[in-house]
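Undergrad: One structure, as structure tokens, below. Some questions next.
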Amino acid sequence: MNATIRSRAVGATASADRDSLPEVTSETGGRLSVVTRPSAEGFNPLDLMAASLSSCIVLSVQIAARGEGWLDQIDRVNVRVIPEKADEAPSRVARFVTTVTIDGPLDAAKKAQLIEAAETICTVSNTLRAGAEIEAG
């Protein structure tokens, strides 16, 4: 069996006028607004990091379950990610507290197996663990 690997354009561009908040556009045309006020609904930059990690883990659990033939035993996957900022400079996230919940008739051992597999599949978590160069230009 030959597997077809499909790729999609990835990346994002943020832009803002002098006194406005950033608007972000993905390479595929998705759009979102960035917020900074504590009471404003929406995503701030740290929320976007958490959203990237949580959604990647959800997708990775689904991929692992599909590979094991268990996808039909999953009703829902929920991943909550809370970034904890470092106390010292420079401003950064010191750790991501992650909670993964898999609803469905799978037993606890299989759920744990899927979560462990997802940690090795997820590109975002792999990147955060290994680090990546940032090329400014």
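The values are calculated or read from the model by the stated rules, or taken from the named source; none is laboratory data. Here the structure is a predicted model, which means the values were calculated and not measured. Cβ atoms come from the backbone with ideal geometry, glycine included; neighbour counts cover every protein chain shown. Ligands, DNA and RNA are excluded from the accessible area calculation, which covers all protein heavy atoms including side chains. Shrake-Rupley method; radii C 1.70, N 1.55, O 1.52, S 1.80 Å.
Undergrad: Normalised by the number of residues in the stretch 14-85, what is the relative contact order in percent for Cα pairs under 8 Å and 6+ residues apart?
TA: 19 percent
Undergrad: Could you tell me whether the stretch 1-80 comes out rounded, prolate or oblate from its Cα gyration tensor? Rule is a ≥ b ≥ c as square roots of the eigenvalues, rounded for a/c under 1.5, then prolate if a/b exceeds b/c, otherwise oblate. List each step's numbers first, then the result.
TA: Numbers: a/c = 4.37, a/b = 1.79, b/c = 2.45.
Oblate, because a/c is 1.5 or more while a/b does not exceed b/c.
Undergrad: In addition: Largest first, what is the accessible-area ranking of 63, 115, 57 with a 1.4 Å probe?
TA: Details: 63 90, 115 40, 57 20 Å².
Descending order: 63, 115, 57.
Undergrad: Which of 123, 28, 101 ends up with the largest GNM mean-square fluctuation for the chain, with Cα atoms connected below 10 Å?
TA: The residue that fluctuates most here is 28.
Undergrad: Loop only per DSSP, at most 13 neighbouring Cβ atoms within 10 Å: give me the trypsin sites (Lys or Arg not before Pro) in the stretch 1-104, ordered by residue number. Intermediate results must be reported in sequence, preceding the final value.
TA: Numbers: sites: 6, 8, 18, 31, 66, 76, 80, 85, 92, 95; in loops: 6, 8, 18, 92.
Those satisfying the criteria are 6, 8, 18, 92.
Undergrad: Per DSSP H run of at least 4 residues, take -39500 (n - 2.57); add these up for the chain, divide by its residues and hand me the 222 nm value, nearest 500 deg cm²/dmol.
TA: Details: 3 runs with 46 residues, N = 137.
Counting only the DSSP helices, I get -11000 deg cm²/dmol.
Undergrad: Identify which of the listed values of Cα Rg over 2.2 N^0.38 Å was calculated from the structure shown: (1) 1.06; (2) 1.16; (3) 1.23.
TA: Identified label for the calculated read-out: (3).
Undergrad: Would you work out the relative contact order for the chain, in percent, from Cα pairs under 8 angstrom that are 6 or more residues apart? Mind showing how you got there, number by number?
TA: Values: 158 pairs, mean separation 24.0, N = 137.
Computed over the chain, the figure is 18 percent.
Undergrad: Which loop-located GluC sites (Glu not before Pro) does the stretch 1-109 contain, where loop means any DSSP state but H, G, I, E or B and the Cβ has at most 14 other Cβ atoms within 10 Å? Please list the in-between numbers first.
TA: Details: sites: 23, 27, 41, 68, 84, 88; in loops: 27, 41, 88.
Answer in residue order: 27, 41, 88.
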